[in-house]
Structures are given as structure tokens and as C-alpha cells.
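**Q** The structure follows.
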Amino acid sequence: MYAKLLAATLALTVTACATPAENEAQVAPVEAAVAIPADQKAFLNTCKAWDEWDKPAPPFKVFGNTYHVGTCGISAILITGDKGHVLIDSGTRKGAEVVAGNIKQLGFKLSDVEIMLHSHEHFDHVGGFAWMQGQTGAEIMASLPATEVLKSGVVAANDPQHDTHEPMAPVTVGGPIWGGTEIGLGDIKIRAIETLGHSPGALSWAWQECTYRCENILYADSLSPVSRDDYKFSDHPEYLAKYRAGLARIAQQGCEILLTPHPSHSKMIKRMNAGKLIQNAPGETPCKDYAAGKLMDIEQRLIKETKSP
């Protein structure tokens, strides 16, 4: 099954041949003719592509009850509900203070954040978990590999980026999450997708927001083949197979709104400038395009590995 999905992903026509910086860095200024919400304009006027991880950014509504509450360079996603709220990622320890301030700026209470979830278990995305848990009292739920990292504060030895990340403050973790797990909190329903690759415990998240219409949202993990200098993905065939399988799962998702832990991985600023944060026109396939681009990155990495000693 995954072989067919992978073949379909490879067949996609994408613009991912350029590097992320080439795709995002040259962003035209906001055009007055494009209908961009005021809160998104505020973000665009503050932030640039591939911005600093801890740079404060104003929050904005993505759609329905979903909000971007992160910094300019690191996403954090708040989903609000009738029985409490879910927060995905916290940013760094310093960035978590920006996230907390943004949640309060939107008029929500930190004490109403009941559940905290993760994308991947590196300090730039979950380094603020311990501090944020102290502010909210929320339960942290994590994949089994990420649970061990969050409890110890140290990136796992089998992580491609082991020994390249700062340690984090350890946290208390609640129930484990597997791919396909659905988290329910009142009217919030969010589904975990196993997307091992960028880290061993990485997860992506899918949910639907309905107001005057319904839109499918995907918070897709980074999924870029970044590693320490002496690591080769080609030396780990089982890990590589699971990496590709996760991309195939992303390609299956019929999302109209694509978000990522580093906003520029999904070209968020470029899309916002064009008034296309939501991509629901016929022929638009943001999830498939993202998966195909990351698969191309992996294939290029493997070619590079064959040429290195």
C-alpha cells in the first residue's frame, strides 16, 4: 500500500526543486487589492521568511477556533474548545513566554489549556514545555519515543540530530500517543499521524474546523532530512522506510490549510501575502505538494550520501 502511495507522491509536479529559502525569501509586499485579515497583516508586517526563533509575533486566527500563537520563526498552534484548549508546540523556553502572552492577548486563559501536544522533540519546538506546563497545568501527551526525550530533556541517541541540540527541562508526560490516535476534548477532535523522520518521535496532526464552511487543517512536521555531520540516512534502511511511509500518509491528507513547525517550510508568509492561507480552489493540493517536496529532499540527500566517503 505504501509503495503505491509513494509512487503517487513521486509523480506529483511540485515547485520544490528550489531550496526553502529560494521559495520563501523573495516575498512581495502585501498588496492592497488582496483581502488579508488585519491580524494576518500584523503578522506579515512584523515577520519575514525564516525569521528568528524567539522573535515576538502577534497572534492571528488561522480559521474557526484555530490560532497561530507562536513566534515569527517557530509555530505554536492553539485550538480552542468548549471544554478547554489544546496547544501544539511551545517554542523554546524563551519563545514559550511569547506563546503565553499571545494566548492571553487573544482573550483566552492559560489555565484553560488542558492538553499540550508536540510536533517533534527538539528544543526549538518543545523546549518551553516545562515552563508552559507550569503556567497552564496542562497534561502533556506524546509519542513513545518523544516521551523518553521529554522526560529526560535529552535528544535520543538514534535521532539523526543527536548531540546537536541543547538539553531541555524535563517534564511530566501523561498518556502515550500512536499514529491514528484521536484526541478528544469537548468539541475538539484532533488525529495524530506518525511521521518519523526529522526525529524518531515526530507526529503530525489533522483536524477540521467548521464555521460557515468546513476546512481541513494539517499541522505537518518538518520532515526535512537534517542530521549531524557523521549521520547517513542510507545506513538506516528501516528508519528510512518509516520516513517515506510518513510522507505517504501526509500525501493522503486532503487538507486545505497546511501549517508547519517552521512556518517557512510550508511557505506560510508567501501564501498569506497572496491571501491564500486557505488553499481550497480546484487543483490545489497543499498536503501532496508538501509531501512530494520533502520526498525530493530525501532523495537528493541520499544521492549526496553516495558521493561522500
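The values are calculated or read from the model by the stated rules, or taken from the named source; none is laboratory data. In this text, all values refer to a predicted model and were calculated from it rather than measured experimentally. Every residue, glycine as well, gets a Cβ built from its backbone with ideal geometry; the counts of neighbours run over all protein chains shown. When the accessible area is computed, the model is the full protein with side chains, heavy atoms only, and any ligands, DNA or RNA have been set aside. Shrake-Rupley method; radii C 1.70, N 1.55, O 1.52, S 1.80 Å.
**Q** Conditions first: (1) open to solvent by 50 Å² or more (accessible area, probe 1.4 Å); (2) touching a helix residue (DSSP H, G or I) at 6+ places or on another chain (Cβ under 9 Å); (3) within 16 Å of residue 252 (Cβ to Cβ). Residue 172 passes all but one, so which condition is the exception?
**A** (3)
**Q** Follow-up question, since we're still on this one. Among the charged types (D, E, K, R), modelled with pLDDT of 95 or more, within 25 Å of residue 243 (Cα to Cα) and part of a helix (DSSP H, G or I), is that true of residue 159?
**A** Answer is no for this residue.
Quick grid of which residues meet (1) part of a strand (DSSP E or B); (2) over 15 Å from residue 231 (Cα atoms); (3) in contact with a strand residue (DSSP E or B) (Cβ under 7 Å, 6 or more places away or on another chain):
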position: 154; (1), (2), (3): no, yes, no
position: 165; (1), (2), (3): no, no, no
position: 179; (1), (2), (3): no, yes, yes
position: 192; (1), (2), (3): yes, yes, yes
position: 198; (1), (2), (3): no, no, no
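**Q** Kindly indicate whether residue 14 is at pLDDT below 95, part of a loop (DSSP other than H, G, I, E, B) and touching a Gly at 6+ places or on another chain (Cβ under 9 Å).
**A** yes
**Q** Could you please let me know if residue 218 is surrounded by 20 or more Cβ atoms within 10 Å (Cβ to Cβ), within 14 Å of residue 62 (Cα to Cα), touching a residue at least 12 places away in the same chain (Cβ under 8 Å) and not hydroxyl-bearing (Ser, Thr, Tyr)?
**A** Yes; evaluated as a whole, the condition is true for this residue.
**Q** Do the conditions hold for residue 277, that is, is it more than 28 Å from residue 58 (Cα to Cα) and touching a residue at least 60 places away in the same chain (Cβ under 8 Å)?
**A** no
**Q** Here is a follow-up. Could you list all residues from segment 281-308 that are of a type in the set (S, T, N, Q) and surrounded by 15 or more Cβ atoms within 10 Å (Cβ to Cβ)?
**A** 285
**Q** Another one. For the list (1) touching a helix residue (DSSP H, G or I) at 6+ places or on another chain (Cβ under 9 Å); (2) assigned to a helix (DSSP H, G or I), I need the number of the one condition that residue 304 fails.
**A** Answer for residue 304: the failing condition is (1).
**Q** While we're here: If I ask for residues that are assigned to a strand (DSSP E or B) and not hydrophobic (A, V, I, L, M, F, W, C), which ones from segment 93-140 would you list?
**A** Those that are assigned to a strand (DSSP E or B) and not hydrophobic (A, V, I, L, M, F, W, C): 114, 139.
**Q** Surrounded by 21 or more Cβ atoms within 10 Å (Cβ to Cβ), of a type outside the set (Phe, Trp, Tyr) and in contact (Cβ under 8 Å) with a residue 40 or more places away in the chain: is that true of residue 116 in this structure?
**A** no
**Q** Kindly indicate which of 91, 73, 81 is in contact with a Lys or Arg (Cβ under 9 Å, 6 or more places away or on another chain) and closer than 26 Å to residue 266 by Cα.
**A** Exactly one residue qualifies, and that residue is 73.
**Q** Inside segment 175-207, can you point out the residues that are open to solvent by 10 Å² or more (accessible area, probe 1.4 Å) and under 16 Å from the mean Cα position of the chain (by Cα)?
**A** 179, 191, 194, 196, 198, 200, 206, 207 - these are the residues of segment 175-207 that are open to solvent by 10 Å² or more (accessible area, probe 1.4 Å) and under 16 Å from the mean Cα position of the chain (by Cα).
**Q** It is to be established whether one or more residues within segment 102-124 are out of contact with any strand residue (DSSP E or B) (no Cβ under 7 Å at 6 or more places or on another chain), modelled with pLDDT of 95 or more, of a type outside the set (Asp, Glu) and under 22 Å from residue 181 (Cα atoms).
**A** Looking for residues that are out of contact with any strand residue (DSSP E or B) (no Cβ under 7 Å at 6 or more places or on another chain), modelled with pLDDT of 95 or more, of a type outside the set (Asp, Glu) and under 22 Å from residue 181 (Cα atoms), one finds at least one in segment 102-124, hence yes.
**Q** Would a scan of segment 125-147 turn up a residue that is open to solvent by less than 30 Å² (accessible area, probe 1.4 Å), within 23 Å of residue 257 (Cα to Cα), out of contact with any Leu (no Cβ under 6 Å at 6 or more places or on another chain) and not hydroxyl-bearing (Ser, Thr, Tyr)?
**A** Taking every residue of segment 125-147 in turn, at least one turns out to be open to solvent by less than 30 Å² (accessible area, probe 1.4 Å), within 23 Å of residue 257 (Cα to Cα), out of contact with any Leu (no Cβ under 6 Å at 6 or more places or on another chain) and not hydroxyl-bearing (Ser, Thr, Tyr).
**Q** Name every residue in segment 216-252 that is outside any loop (DSSP other than H, G, I, E, B), within 24 Å of residue 66 (Cβ to Cβ) and of a type outside the set (Val, Ile, Thr), in order of residue number.
**A** The answer is 216, 218, 219, 246, 247, 249, 251, 252.
**Q** What are the residues in segment 241-255 that are over 15 Å from the mean Cα position of the chain (by Cα), buried (at least 19 other Cβ atoms within 10 Å of the Cβ) and without any contact (Cβ under 8 Å) to a residue 60 or more places away in the chain, if any?
**A** 243 - this is the single residue of segment 241-255 that is over 15 Å from the mean Cα position of the chain (by Cα), buried (at least 19 other Cβ atoms within 10 Å of the Cβ) and without any contact (Cβ under 8 Å) to a residue 60 or more places away in the chain.
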